[in-house]
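Pasting in a structure now, in structure tokens, and then I'll have a few things to ask.
The values are calculated or read from the model by the stated rules, or taken from the named source; none is laboratory data. Just so it is clear, the structure is predicted and the values come from calculations on it, not from any experiment. Because the Cβ atoms are built from the backbone with ideal geometry, glycine has one as well, and the counts that use them run over all protein chains shown. In case anyone asks, the SASA skips ligands and DNA or RNA and just uses the protein heavy atoms, side chains included. Shrake-Rupley method; radii C 1.70, N 1.55, O 1.52, S 1.80 Å.
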Amino acid sequence: MAKWIDVCSVDDLQPDSGVCALFEGEQVAIFWMPEADVKVYAVGNYDPFGKANVLSRGIIGDIGGQPVVSSPLYKQHYNLQTGVCLEDESVKIPVYAIRIENGSVQLDLSSLSHHQEPAL
Amino acid sequence: MSEKQTLVVIGNGMVGQHFLANLVDSPLKEQYEIITFCEEPRAAYDRVHLSSFFTGTTAQELSLVEDGFFERHGITLHLGDKAASIDRTAKTVTSAKGVSIAYDKLVLATGSYPFVPPVPGHDRPQCLVYRTIEDLEAMAAAAKTGKVGTVVGGGLLGLEAAKALMDLGLKTHVVEFAPRLMAVQLDDAGGEMLRRKIENLGVTVHTGKNTSIITDGEHCVNKMCFADGEELETDIVLFSAGIRPRDELARTCGLEVGQRGGIVIDNQCRTSDPSIYAIGECALWNGMIYGLVAPGYTMARTVVADLKGGYANFTGADMSTKLKLMGVDVASIGDAHAKTQGAMVYSYQNGDSEVYKRLVVSEDKKFLLGAVLVGDASGYGTLLQYCLNYIELPENPDALILPHRSDESVGLGPDALSASAQICSCFDVTKGAICSAIENGCMTMGELKAETKAATGCGGCSALLKSVLDSELSKQGFAVNTDICEHFAYTRQDLFNLVRVEEIKTFADLLHTHGKGLGCEICKPAVGNILASQWNEHILETDHLGLQDTNDTYLANMQKDGTYSVVPRITGGEISPDMLIALGQVGKKYKLYTKITGGQRVDLFGARVDQLPHIWKELIDAGFESGHAYGKSLRTVKSCVGSTWCRYGVDDSVGLAIELENRYKGLRSPHKIKFAVSGCTRECAEAQSKDVGIIATENGWNLYVCGNGGMKPRHADLFATGLDKPTLIKTIDRFLSFYVRTADRLQRTSVWMENMEGGLDYLKSVIVDDKLGLCEQLEQQMQYVIDTYQCEWKTAIEDEAKLKRFRHFINSDQPDDNIVFVEERGQIRPADSDERKHFKLMEIA
Ligand SMILES: Cc1cc2nc3c(=O)[nH]c(=O)nc-3n(C[C@H](O)[C@H](O)[C@H](O)COP(=O)(O)OP(=O)(O)OC[C@H]3O[C@@H](n4cnc5c(N)ncnc54)[C@H](O)[C@@H]3O)c2cc1C
Ligand code: SF4
Ligand code: SF4
């Protein structure tokens, strides 16, 4: 069952860019594309290759139709819907259910994955 | 097992070394014990580029010998030891130091010496020659006290030597016996045009002069008296009156020599003694001495083939040459003097732009026999191909030298050449060899040059090489896709033009009108960069923010742990003690790791996102501004202390560096740009390894472009000499604007220029001669960027909206707990993964 929790306001988001929110102790990268069909995405902020909390600072866009963020450290791409790394499908970052409701940005507590570090 | 035979090479000059390199590359290496005598104090170096010694190239850099070459191949090198005699009956060579060696095969590669006419006084003080590094050192020493220098001889080498005298800051004269300059290569009209060009550069040319005596001068060290009664006072007299083969050893051991010198060789380069070969400038083939390096190289390869028992013939060599003499293009091809029976001549002369061209064609107008080009040698590659490969001429051969006003193309397409056509004459690389290198995977000019050596000698063939590469790649079905990414079917240059012409101001507009999808990390920063170059709006404006690369978004350089480093601008590397203290205080307060960069500034590491605005507030209050170390933009203008402090300084390099850095700071470009300014030719600022390098000389500033350090270092090319400051700045304005407009994304100036059809010459024609009529626009564009400069950090910290992003969490003030530092050598550094595990354990416990 979805349990929606407010994390910030839409005004805190950056158009076509990312921010990082603290959500129940986890770092979540939130991306906002006001012009696109799907407008918000939430994935883990931790970059398993760079081993640093930086994904919210990556550039977003699409590759072959998949919405992606590219790591600011070593440029791997992660699918924003599935979390799968395009360069190495065995690596996956957590994804979270997210929505915008009356001007506030909400994450679904039940999608909280106690994410494990992928073995590299 | 058979005993190894002994092979002795006398002379380790350019040709001797080329011979050794080819020898050890072959199975012969196993058959011979190899010994070489080198009279000079250093092993082989590049004599062809000797003059670059005066513009900062070191003896080390001129060396033609790879590190450890002799040791690795087991070659015994007798350095600084001259072979003194050969005993052909006993088959031994004895050296000046008394080393005696029995040989089975002997190769003479003794080169030549400069001819000094026996005029009385030729051996007076400061009467010098131009052949070895020691000669150049003597010139430099003499130039320190002298003011006037005179070259005797107006041939190729003489003019090159004159250039060197000018670079040394001397008033320069050239005295030539013949009625014109470069009498061997040029006809009268060509010689006259060259003379005018060279005199415009400030060299005084005296033709038809016969020196009768050199004696004490009144104002200078020497005085030259001519047969016609005139006199010339000069400090240095530099003889460059031709070369003579060094055949003394051959003569005394009874080998056949020519009437006017030179060791006689046959088509296998054998002398009159079958166990002795001669190669290079000491050898006389068919009555000819070749004073160029390429024929010598061919002789060297011929001997290697002959020793292998293969069949090889030296059958003469092409003496065509193209070179740049004091910035003037001069080329001569084949039968320039129309000596062939029935030859017809076409010539074109433009007094205004000082261009002279002449074609010599066969009686039936079908084939090109020779050509002379002065002032514009851009047609050299094409003409040489016509001449060397007997390609039939177009119906009106004069079209090849007339300026083409319409867009008709007269160049030879690469497909017109046969596989055996020689593309690179320095290293004898055929089109066939190039094509097979491409088939085997060479995809770029760089790879092709490394693989085949083509275009790595004089570089005259690089434009042709590029067109062969492009044509072959597209034939192999590599539709050379130049689209920037899947979102735009355009090159960076196309996008730049769209933005400029359609006055597009945002990525969203460009994507809607000319692209598809959402964009990606390739096109977004590239377009962000173009928009910044063209309109110069703040890169953190809402419209542009999402386009920026990591570093740009936070106006700082992200490091491996997600923290940032901060680099304030320190123009020209000049900083007062107070500013240095202020910088230190900021570093100390925020516990940053500090390091001096290669670009003469200070890098402060380990700042968290949320600390950046605070750090910058303090830096700006102390008088610093953004250093743009995070951007694809002008980084630094490095400088030496120059004439203000340095004993040798010729001009104020620091002052110029500061002025240039302030002028171009903030300019966004396809890749980072680095400058340096040196106060004299000693080049302490390493300007020749920069995109833009400037060196002070007595005659003004010399400008070098398109160098870089980094992964693939490249020496910058000399672009213009003796500039005053306004001209220098105008030239750099144009150069940078043109680069910003036309380069690919992430293409440094070096690669940009190397991939440009026509290369450096083309670039000069655009920037200096304004061939495309663009220069006014280019200057205006630069002026716009300069006028709209802002310190990006100052604007950012004054704007609440922009600062909102400078915190790790949007909904919490906590810092990132993954950032962990440990101490090393008294400063912080990021913890490694083992250390981190340890911290985690401690946290849990
Ligand atoms: C300033 C300058 C610019 C030039 N520019 C060009 C150019 O643009 N294009 C071009 O094609 N060519 C150019 N040349 C000519 C080119 O350098 C020569 O063709 C080339 O160096 C010839 O090579 P080599 O090995 O025959 O002679 P060298 O390079 O002179 O080598 C001969 C070596 O043998 C040594 N030697 C002689 N006798 C003995 C002995 N008895 N024992 C031991 N060692 C001995 C000499 O000291 C010397 O080191 C230029 C030359 C000069 C000086
Ligand atoms: S380059 Fe600069 S520091 Fe070096 S010697 Fe010349 S003026 Fe002096
Ligand atoms: S040389 Fe390599 S390790 Fe050193 S700063 Fe440059 S990229 Fe980093």
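Does the range B:635-643 include one or more residues that are free of Cβ contacts under 8 Å to residues at least 40 places away in the same chain, within 16 Å of ligand 2 (Cβ to nearest atom) and in a helix (DSSP H, G or I)?
The answer is no; no qualifying residue exists.
Which residue pairs have Cβ atoms closer than 7 Å, lie 6 or more positions apart in sequence or on different chains, and pair a first residue in the range B:449-462 that is modelled with pLDDT of 80 or more with a second residue that is part of a loop (DSSP other than H, G, I, E, B)?
If the second residue must be part of a loop (DSSP other than H, G, I, E, B), the pairs left are B:LYS449/B:ALA455; B:LYS449/B:THR456; B:GLU451/B:CYS442; B:LYS453/B:PHE427; B:ALA454/B:PHE427; B:ALA454/B:CYS461.
Okay, next question. Just checking, does the range B:142-151 include any residue being part of a strand (DSSP E or B), within 27 Å of the chain's Cα centre (by Cα) and closer than 23 Å to B:ALA336 by Cβ?
The answer is yes, given that some residue of the range B:142-151 is part of a strand (DSSP E or B), within 27 Å of the chain's Cα centre (by Cα) and closer than 23 Å to B:ALA336 by Cβ.
With closer than 30 Å to B:GLY296 by Cα and not in a loop (DSSP other than H, G, I, E, B) as the only criterion, which of B:GLY254, B:GLY261, B:GLY190 stands out?
B:GLY190
What tally of residues in the range B:221-279 results from selecting those that are of a type in the set (Phe, Trp, Tyr) and touching an Asp or Glu at 6+ places or on another chain (Cβ under 8 Å)?
1
Still on this model: Return only the number of the condition from (1) over 34 Å from the mean Cα position of the chain (by Cα); (2) open to solvent by 10 Å² or more (accessible area, probe 1.4 Å); (3) more than 11 Å from every other protein chain (Cβ to nearest Cβ) that B:ASN536 does not satisfy.
(1)
With respect to B:TYR762, determine if the residue is at pLDDT 90 or above, on the phi < 0 side of the Ramachandran plot, outside the structural domain of B:SER533 (by TED's automatic domain parsing) and assigned to a helix (DSSP H, G or I).
no
When the residues of the range B:695-713 are filtered to those that are without any contact (Cβ under 8 Å) to a residue 40 or more places away in the chain and crowded, with 20+ Cβ neighbours inside 10 Å, which remaining residue is farthest from ligand 1 (Cβ to nearest atom)?
Result: B:LEU703.
While we're looking at this one, here's another question. Does B:LYS365 satisfy being surrounded by fewer than 16 Cβ atoms within 10 Å (Cβ to Cβ), outside the structural domain of B:ALA162 (by TED's automatic domain parsing), farther than 23 Å from B:ILE279 by Cβ and away from ligand 2 (no atom under 16 Å from the Cβ)?
Answer is yes for this residue.
Out of the range B:586-610, which residues are closer than 20 Å to B:GLU823 by Cβ and assigned to a helix (DSSP H, G or I)?
Selection gives B:VAL586, B:GLY587, B:LYS588, B:LYS589.
Residues B:ARG805, B:ARG748, B:ARG825: which one is modelled with pLDDT of 90 or more and crowded, with 19+ Cβ neighbours inside 10 Å?
When all the criteria are applied, what remains is B:ARG748.
Within the range B:732-751, identify whether any single residue is closer than 26 Å to B:LYS171 by Cβ and either assigned by TED's automatic domain parsing to the domain that holds B:GLU661 or β-branched (Val, Ile, Thr) (or both), and answer yes or no.
Within the range B:732-751, not a single residue is closer than 26 Å to B:LYS171 by Cβ and either assigned by TED's automatic domain parsing to the domain that holds B:GLU661 or β-branched (Val, Ile, Thr) (or both).
Then there is this: What's the number of the only condition in (1) in contact (Cβ under 8 Å) with a residue 40 or more places away in the chain; (2) under 10 Å from B:LEU284 (Cα atoms); (3) over 38 Å from the mean Cα position of the chain (by Cα) that B:ALA250 fails to meet?
Single failed check for B:ALA250: (2).
Now, a different point. Return the residues of the range A:61-72 that are among the aliphatic types (A, V, I, L, M) and at the interface with chain B (Cβ under 7 Å from one of its Cβ atoms); say none if nothing qualifies.
Result: A:ILE63, single match.
Shifting gears a bit: So, B:LEU510, is that one within 14 Å of another protein chain (Cβ to nearest Cβ), of a type outside the set (Asp, Glu) and either assigned to a helix (DSSP H, G or I) or without any contact (Cβ under 8 Å) to a residue 12 or more places away in the chain (or both) or not?
yes
Okay, moving on. Taking the options B:HIS206, B:HIS219, name whichever one is of a type outside the set (Phe, Trp, Tyr), open to solvent by less than 40 Å² (accessible area, probe 1.4 Å) and more than 30 Å from B:ASP318 (Cβ to Cβ).
B:HIS206
Looking at this structure, is B:GLU61 open to solvent by 20 Å² or more (accessible area, probe 1.4 Å), of a type outside the set (A, V, I, L, M, F, W, C), more than 13 Å from ligand 1 (Cβ to nearest atom) and closer than 30 Å to B:ILE695 by Cα?
It is true that B:GLU61 is open to solvent by 20 Å² or more (accessible area, probe 1.4 Å), of a type outside the set (A, V, I, L, M, F, W, C), more than 13 Å from ligand 1 (Cβ to nearest atom) and closer than 30 Å to B:ILE695 by Cα.
Looking only at the range B:553-568, decide whether some residue is hydrophobic (A, V, I, L, M, F, W, C), open to solvent by less than 20 Å² (accessible area, probe 1.4 Å), at positive phi and within 14 Å of chain A (Cβ to nearest Cβ).
Yes, there is a match, as at least one residue in the range B:553-568 is hydrophobic (A, V, I, L, M, F, W, C), open to solvent by less than 20 Å² (accessible area, probe 1.4 Å), at positive phi and within 14 Å of chain A (Cβ to nearest Cβ).
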